[in-house]
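Some notes on the structure that comes next.
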Amino acid sequence: MLPIVSLTLFLPLLGAIVIMCHRNAAAEKVHKIGIITSALTLLGAIWMWVRGVADPDMAGKGFAQVEQIDWMPSIGAAYRVGVDGISLPLVLLTALLFLLTLIYSSKVRKQPQAFVVLMLILETAAIGTFTALDAILFYVFFEVSLVSMYFMIAGWGHEDRQRAAQMFFIYTLLGSLPLLLAILGLYLGGETHTFDMRVWIENPPLEGGAAMLALIAMLFTFAVKTPVFPFHTWLPAAHVQAPAAGSVILAGVMLKFGTYGLIRFALQMTPEAFREAGVVVLIFGVVAALYGAFAALAQTDLKRLIAYTSVNHMGYVIVGVAIAALTLDPEIRAIALDGSVLQMVSHGLVTGALFFLVGMLQDRAQTREMDQFGGLLKTVPLLGWSFVLAAFASLGLPGLAHFPAEFQIFLATLREEPWAVIVILGIVITAGLYLKAISQVFLGASNEKWKTMPDLDRRELLTLGPLLFFIIVLGIAPSWVLDVVHQTTIALAF
Amino acid sequence: MANDLALMLPEIIVLLTAIAALVAEMLRQPRVAFFVSITGLAVATMLTLPLLGEQATAFSDTFRIDTLSIWAKLILLPATILSLLLVRAELGGSAREGTAYVLIIMITLASLIMAGAGDTMLLVLGILLAGLGSFALVAYPRTDAATEAAMKYFVFASVTAGVMIFGLTYWFGGTGSTLLSELVILEKSPALAAIGFIAVVIGLGYKAALVPFHFWAPDAYEGAPVSIAAYLSVIPKVGAIFALAQVVRDLPVESAWQWIIAAVAVLSMTYGYLAALGQQNVVRLLAYSSVAQAGYFLLGVIAVGSSPLAFESLIVFSAAYAAMNLGAFAIVMQVGRTLEAFKNTGRQFPMIGVAMVVFLISLAGIPPLAGFVGKFLLFGAAMEAGFTWLVVIAIINSVLSLAVYLRIVVPMYQPSENEVITTDTVTIPLVRQVWFAGLLLTVLIGLAAQFLLGSIS
């Protein structure tokens, strides 16, 4: 059997090495290598998808396509990768977003080599985070992504990039170190000293107070990463200063590290403690969702606005995971988790599209302030309608990507903790803020300044097309993703 | 006797190397002295390899040939060779070049004696021998700053050594022996054990630059040539830490030695990084960073006897620390001592930029580099020993450390106002070799730590 997971995982790294070896290559060539590499990676991810998550011999303990090699046998760490229904959709999303980002960024002329190399390293780190089945390996990829993102923001960001980059790096490192503590606790607590995440999921090594402490450490890590109010303050700064490509990856892929970790580590490795703390997490989720929506409402900067809606959307995911932890009914748990995973994918697609669109607007106008625009729908209809579509998807309009996800989360919430359904207010607020944004930027009197604004070109259409396509497809027929997710979530038992 | 000599063969070779290099220097042949030194140290490293796995003592238990002392040789001897290359690049051609090599080899010998000490007298001998060489090396440039730094260093050393010897008399009084292995007797008189141990911590803490015995370090490193600072920040420090591990192996837990170590660790890590935050001089910044790193080492020392990871973590982190710290100092030699000098280097010299970033984020403990594996093992060891709270403090300090190291990374990718600076960044082949070796090792130890772990256990 071809080790397709490892191939997909290290292909971007290989591309990065190839680029580093051609030190004097022209910018076009560098971008071409980057795009080809990430296209091949996407093919690899599709191949993984075709192979599916049904484990033929059940040796993977819930995981399929497991590949492993000894790494540090003395301490029980190994290179172990594999996928299940929770990680596979995220891998596919990651591969797609990176390809589109590299296509979109093919205009970058400022140190293109370093840019593409960082992007590709980031792609390996992201896919690695989702496929790692060894806690050390997971942590390694988790941290490498921070380093690459730091240089991405510091090197290609906007006005105040140095400060934002440092804040991002230090804040998220502060966030991720407790995870290291939890990993060590799980390692030392187990009967056999191993870092195999499958073993930890099968037999949670900690219980009682120790498990609760580990859970708190993990919750802190993933709350910073997701981010959950009040640990979200790095997010707007990082997003606003990051280049559009960086924002797309940050929101589309890296925020999912938080919610993915929440399911993979917190929910699966300390289920009992999570059940006890479930209500607290649920409250955090509800507050995050509502706070994100209200904060977004107050923004005048379009990019900040979208950044805050991320807090809102990821809040729903937290709610879903908390419901899954609280419930004793496997059916409700499956619905909640299906919704959460689908929400992560939808959010990647929708927010990815929105950040691309804001980037395109900024390329044209050099500003992101909403009151600077007006009537753009007439001047740049393609860009305008794309934004409207993505915005409607983001506010959860039925028929578009977020609806089936949020619907399932709310359904599960209603059955388990009915009071938490007040989170649904978030949808009303997001609807209001997007309508406000659309009317300010794209409707109304058109501003003379932008009369000559060009509409989307081929490169931009190529970037947005697939995203908008999948936003509609997921909205109308989400089952092709949900079936894969459901195979895993229905089998979860704790 | 013959067997004892055979077990100590590497140390004897190091001593002979120092003598041979001294003779060559007296004949005014610094080049020969240099090559003799390198060859001698390389031979001593080779001769250590057959000893791997040995657990023995020499000269009636006074010197230990065990995992720690063997790995001290395997790490410190190659690290000394790298340091000698740096010294050659910086001081080559100066009037007393060869003496620097001789002194360095003597200090390395002293560090090896400390790392294998099985007797308090050997410990004292190691500290004094290392001290004597270090004062001379720091004062080598004969500038005001260097002389002042050496003087400070000397006074500090005299006081701490005095206190240490005074404290050791309590142990001698309690056990009737200078052997460390006899310390178990003190189980019933914990106060006596504690007094002696505090004195040892003062003596070794000064060598390892632990807070609050670190005051000499930033001044000495700043006054000394950069290559000497690089050397002093690695070899004697590791020797002293290993010596501490040798001492606590036999110390009864009742003496609360773990709590003394924990307190010093917290102070070193926190103060080291806080002080580093305010530095404008990169050498001083790295000096404070090495104070903090010494605090991390103590997480391994604390676990000696209660966690099987203790020795492994100490050894892996020493190797990692030697590689990344020497590498970082080598880059400083090439680029300059001020933060200003680092402006724009990352863009102009991509390789130097990448290397320095790798060293710094490895020092901060970010995976998949050597520093991460080392710290990860240290954290694991301390947690297994029941010091989770200490690991939490170490982790918080890791965040602080990132802020410290980013202070160097940020200017590297900022455009420089005066482009002139770059002209004095001459590429010295020897220096480049050193940081390249450091880079390779930092990455390799990170990815292939199993190679070390496998041969330790």
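When only Cα pairs under 8 Å and 6 or more residues apart are kept, what is the percent relative contact order across the stretch B:257-457?
Values: 309 pairs, mean separation 60.9, N = 201.
Computed value for the stretch B:257-457: 30 percent relative contact order.
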Estimated distance in nm for a label pair at A:Ile422 and B:Trp259, the labels positioned 7 Å out from Cα along Cα-to-Cβ: 4.8
Dipole of chain B, positive direction: furthest Cα of B:Ile198, B:Met356, B:Ser111, with charges on the beta-carbon: B:Met356
Whole-angstrom gap from the stretch A:459-479 to the stretch B:4-49, using each part's C-alpha centre: 70
Farthest toward positive dipole pole in the stretch A:372-494 [+1 Lys/Arg, -1 Asp/Glu at C-beta], among A:Ala431, A:Pro418, A:Val485: A:Ala431
Residues with amide H under 5 Å from that of A:Asp134, placed H, sequence gap 5 or more: A:Arg80, A:Met197
Amide H partners (placed H, <5 Å) of B:Ala448, local residues excluded: none
Among B:Ser306, B:Phe154, B:Ala240 - extreme Cα towards positive end, dipole of chain B, charges at beta-carbon: B:Phe154
Cβ charges +1 (Lys, Arg) and -1 (Asp, Glu), total dipole of chain B, debye: 700
Rounded to the nearest 20 debye, dipole of the protein assembly as shown from Cβ charges on Lys, Arg, Asp, Glu: 2320
Distant-in-sequence amide H partners of B:Thr57 (H built 1.01 Å from N, under 5 Å): B:Ile65
Nearest-0.05 FRET efficiency for B:Asn281 and B:Thr39, computed from C-beta distance (R0 45 Å): 0.80
Cα-centre dipole for chain A with unit charges at Cβ (Lys and Arg positive, Asp and Glu negative), debye to 20: 1640
Over chain B: helical MRE at 222 nm, DSSP H runs n ≥ 4 each giving -39500 (n - 2.57), nearest 500: -25500 deg cm²/dmol
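With a/c under 1.5 counting as rounded, go ahead and sort the protein assembly as shown into rounded, prolate or oblate using the C-alpha gyration tensor (a ≥ b ≥ c being the square roots of the eigenvalues; past the cut-off, prolate if a/b is larger than b/c, else oblate).
Values: a/c = 2.34, a/b = 1.70, b/c = 1.38.
Here the protein assembly as shown falls in the prolate category.
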Mean residue ellipticity (222 nm) of chain A, computed from DSSP H runs ≥ 4 via -39,500 (n - 2.57), nearest 500: -23500 deg cm²/dmol
Length-normalised contact order of the stretch A:56-169 in % [C-alpha pairs under 8 Å, at least 6 apart]: 22
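Mean separation of Cα pairs under 8 Å and 6+ residues apart, divided by the residue count of chain B: what relative contact order is that in percent? The partial results should precede the final answer.
On the way: 828 pairs, mean separation 66.0, N = 457.
After rounding, I find 14 percent.
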C-alpha center-to-center spacing [the stretch B:146-191, the stretch B:78-105] in angstrom: 31
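Every read-out reported here was derived from the displayed coordinates using simple, explicitly stated rules and does not represent laboratory data. What you are looking at is a predicted structure, and each value in this text was computed from that prediction instead of being measured. Here Cβ is always computed from backbone atoms with ideal geometry, including for glycine, and neighbour counts include all displayed protein chains.
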